[in-house]
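Participant: Attaching a single structure in structure tokens format; questions to follow.
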Amino acid sequence: DNPVWIGNDGYQQHFNGLIDEVAIFNMALTVDEIKRIIKQGLSEVLAASPQGKIALTWGRIKNDL
């Protein structure tokens, strides 16, 4: 298994900006599925809603500091 790098390429090249709505799928998405995500957003296509979950709550708390 290879590591997944989000915001870093593993060689000290860091992304300078904000990354929003990251998702990892266990299959290749079709063009129509990608278009649906672009149009509706990830929260509309996920099996479980991320609202109120610890990652989102922590992100809000951290941004308020």
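Every read-out reported here was derived from the displayed coordinates using simple, explicitly stated rules and does not represent laboratory data. The shown structure was predicted, so the numbers you read here are calculated from the model rather than taken from an experiment. Positions of Cβ are generated from backbone atoms using ideal geometry, with glycine treated the same way; all protein chains shown enter the neighbour counts.
Participant: Apply 1/(1 + (r/R0)^6) to the Cβ-Cβ distance of Gln40 and Val4, taking R0 = 30 Å, and write down the FRET efficiency to the nearest 0.05. Show your work: numbers first, answer last.
Facilitator: Numbers: r = 24 Å, r/R0 = 0.80.
Using R0 = 30 Å, I get an efficiency of 0.80.
Participant: What is the fewest-to-most order of Asp1, Asp9 by other Cβ atoms lying within 10 Å of their Cβ?
Facilitator: Working: Asp1 3, Asp9 9.
Fewest to most other Cβ atoms nearby, the residues stand as Asp1, Asp9.
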